[in-house]
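The values are calculated or read from the model by the stated rules, or taken from the named source; none is laboratory data. What you see is a predicted model, and the numbers here were worked out from it, not measured in a lab. Virtual Cβ from ideal backbone geometry, glycine too; neighbours counted across all protein chains shown.
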Amino acid sequence: MKILVICDMFPPAFGPRMGYLCKYMQKAGWEPVVITEQIYDQTFDFLRGDIPVTYINYYKATGKITKKLEWISVQILDLLFQYKDQKLVRIANQVLKEGGFSGILCSTYRTFPLPAAQKIAEKHHLPFIADLRDIIEQYASDEFMTHIFKSIPWLDKKITHFFKSRLLKRRNKVLQKADYITTISPWHVEILKLYNPATYLIYNGYDPELFFPQLIKSNQFIMVYTGRLISLATRDPRLLFQAVARLDKEGLISPLKFRLHWYMDQSSNDIISLLAEEFQISQYMNYFGYVSAAQIPLILNQSSILIQLANKMDKSGPKGIMTTKLFESLAVEKPLLCVRSDEAYLEATIKETNSGIAARTEEEVYQFILEQYRSWQEKGYTSAHVNKKTVELFSRKRQAEQFIALFTELEKKHLHE
């Protein structure tokens with residue numbers, strides 16, 4: 001079957017869910033064709049493959065001031081007139097002239113390009129699946145905004161509220177018309193079922209061809225985090241820092257042998273470095289920028305503990321966030337430290353896979369690190385005795401099989417209509 005995949009980002013940019021899906025759809029004999037926004041990022045360059053992709057460039061300015069003005073103009077045009085969706089519809093109609101398409105899959109973390117995908121599906125009488133990787137409701141505050149307006153604080157708040165309400169209104173209108181909705185955690189399923197009962201859970205995952213355990217000895221005990229911090233309300237490392245400070249004070253660790261490596265953007269590094277100073281553990285920190293996704297498997301396998309930053313899931317906290325790095329961490333079978341525990345789906349998954357601990361207290365973090373540190377001192381490496389059968393359920397290959405099953409079901413329904 002030939003499927004049109006419409007998404008807000010796709011490799012080489014940061015688009016692992018659709019990138020891996022297309023890879024394994026193609027391996028299964030399916031023909032994905034992609035339309036996406038042009039984003040100048042090479043994080044997933046290795047995942048491009050030979051999938052036919054049409055990239056739409058919405059931003060052409062080069063100067064710092066003109067780029068900012070252009071971004072603001074596009075946001076206003078899009079908010080008022082759905083500018084980005086309308087341009088995508090015109091291009092998609094040209095692509096669909098090739099013929100032979102059996103369905104449309106649209107994946108996004110916010111709203112764009114869901115309205116475009118729904119309009120195209122309706123016009124061409126094609127089955128339509130809406131895939132929500134993240135949703136606005138999951139964040140502790142306004143972290144769903146990729147850019148901050150930075151005008152007057154009270155005006156920023158009003159603009160953000162208006163922006164959020166318009167996005168949700170447009171998104172929910174489309175979701176009601178989708179044949180199926182797919183999303184990434186049980187909490188997301190609960191929320192999205194309010195708009196469409198045909199909502200299904202397809203977790204994020206790991207590529208089994210890239211992520212698998214390797215026992216690599218090291219001369220340092222390295223704790224690793226890869227990804228964004230977003231905010232302390234969403235991802236709070238303070239229990240970890242308290243435990244490291246205690247281990248240092250008790251003389252159980254030293255900077256020569258014990259390191260924390262952070263692979264993050266600069267703003268996240270800034271937050272971590274300030275906290276490290278506050279807890280007087282700066283001497284244990286190493287800061288790195290983002291690296292290519294192709295480098296991540298080796299970085300994970302060379303580590304001693306993998307850090308998953310989170311916070312308690314409640315009304316004022318993050319909700320249902322289960323990132324790709326969680327499943328990639330499970331796949332390499334390294335001890336996983338989730339701090340602070342969400343006391344919900346992350347904690348349950350870590351327990352079910354026997355991959356580590358979702359810590360609720362500083363004492364739990366302290367004891368877990370100390371146990372793994374002593375194991376490393378004895379063997380030169382660490383490993384987690386994970387439940388392999390459970391971990392295998394989160395492979396990208398299985399994820400593709402789930403999407404294929406849904407489209408196959410829709411095809412059968414279409415033939416009987």
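Would you pick out the residues in the range 233-270 that are within 19 Å of the chain's Cα centre (by Cα), under 26 Å from residue 330 (Cα atoms) and without any contact (Cβ under 8 Å) to a residue 60 or more places away in the chain?
Selection gives 262, 263, 264, 265, 268, 269.
Limited to the range 217-232, what total is found for residues that are of a type in the set (Val, Ile, Thr) and either over 27 Å from the mean Cα position of the chain (by Cα) or modelled with pLDDT under 95 (or both)? It would help to see each step written out before you state the result.
First, the residues of the range 217-232 that are of a type in the set (Val, Ile, Thr): 222, 224, 226, 230.
Next cut, either over 27 Å from the mean Cα position of the chain (by Cα) or modelled with pLDDT under 95 (or both) only: 230.
Final tally of qualifying residues: 1.
So if I check each of 329, 316, 383, which one is polar (S, T, N, Q) and loosely packed, with under 14 Cβ neighbours inside 10 Å?
The match here is 316.
Could you please find all residues in the range 1-12 being among the aliphatic types (A, V, I, L, M), crowded, with 20+ Cβ neighbours inside 10 Å and in a loop (DSSP other than H, G, I, E, B)? Working first, answer last.
Within the range 1-12, the first condition is being among the aliphatic types (A, V, I, L, M), and the residues that meet it are 1, 3-6, 9.
After this cut, where a residue has to be crowded, with 20+ Cβ neighbours inside 10 Å as well, the list is 3-6, 9.
Of everything in the range 1-12, just one residue is among the aliphatic types (A, V, I, L, M), crowded, with 20+ Cβ neighbours inside 10 Å and in a loop (DSSP other than H, G, I, E, B), namely 9.
Give the range 335-356 a look and list any residue that's more than 20 Å from the chain's Cα centre (by Cα), surrounded by fewer than 24 Cβ atoms within 10 Å (Cβ to Cβ) and outside any helix (DSSP H, G or I), or say none.
Across the range 335-356, the qualifying residues are 354, 356.
With the requirement that a residue be outside any helix (DSSP H, G or I) and among the charged types (D, E, K, R), what does the range 68-101 give you?
Taking the range 68-101 first, the residues outside any helix (DSSP H, G or I) are 82, 97-101.
Scanning the range 68-101 gives 97, 98.
Can you find a residue in the range 92-101 that is under 22 Å from residue 126 (Cα atoms), exposed (fewer than 14 other Cβ atoms within 10 Å of the Cβ) and of a type in the set (Asp, Glu)?
Yes, the conditions are met somewhere in the range 92-101.
Quick test of your reading of the structure: residue 402 fulfils all but one of (1) touching a residue at least 24 places away in the same chain (Cβ under 8 Å); (2) surrounded by 14 or more Cβ atoms within 10 Å (Cβ to Cβ); (3) within 29 Å of residue 237 (Cβ to Cβ). Name the failing condition by number.
Only one criterion is unmet by residue 402, namely (3).
Checking the conditions here, which among 285, 322 is touching a helix residue (DSSP H, G or I) at 6+ places or on another chain (Cβ under 8 Å) and surrounded by fewer than 21 Cβ atoms within 10 Å (Cβ to Cβ)?
Answer to the selection: 285.
Tally the residues that are in a loop (DSSP other than H, G, I, E, B) and acidic (Asp, Glu), restricting the search to the range 42-59.
Here is the first cut: in the range 42-59, the ones in a loop (DSSP other than H, G, I, E, B) are 42-44, 48-52, 57-59.
Add one more test, that the residue is acidic (Asp, Glu), and what stays is 50.
Of the residues in the range 42-59, 1 are in a loop (DSSP other than H, G, I, E, B) and acidic (Asp, Glu).
Identify all residues within the range 14-41 that are crowded, with 20+ Cβ neighbours inside 10 Å and either assigned to a helix (DSSP H, G or I) or assigned by TED's automatic domain parsing to the domain that holds residue 265 (or both); write none if there are none.
16, 17, 18, 19, 20, 21, 22, 23, 24, 25 - these are the residues of the range 14-41 that are crowded, with 20+ Cβ neighbours inside 10 Å and either assigned to a helix (DSSP H, G or I) or assigned by TED's automatic domain parsing to the domain that holds residue 265 (or both).
What residue, among those in the range 221-254 that are closer than 17 Å to residue 358 by Cα and aromatic (Phe, Trp, Tyr), is surrounded by the fewest Cβ atoms within 10 Å (Cβ to Cβ)?
241
In the range 186-223, what residues are hydroxyl-bearing (Ser, Thr, Tyr), farther than 19 Å from residue 389 by Cα and assigned to a loop (DSSP other than H, G, I, E, B)? Please lay out each step first, then the result.
As a first pass, look at the range 186-223 and keep what is hydroxyl-bearing (Ser, Thr, Tyr): 195, 199-200, 203, 206, 218.
Filter once more, so that each one left must be farther than 19 Å from residue 389 by Cα: 195, 199-200, 218.
Within the range 186-223, 195, 218 qualify.
Could you tell me whether any residue of the range 46-63 is under 26 Å from the mean Cα position of the chain (by Cα) and touching a residue at least 60 places away in the same chain (Cβ under 8 Å)?
Our first condition is that a residue be under 26 Å from the mean Cα position of the chain (by Cα); within the range 46-63, this holds for 46-59.
Remaining after also requiring touching a residue at least 60 places away in the same chain (Cβ under 8 Å): 46-47.
Taking every residue of the range 46-63 in turn, at least one turns out to be under 26 Å from the mean Cα position of the chain (by Cα) and touching a residue at least 60 places away in the same chain (Cβ under 8 Å).
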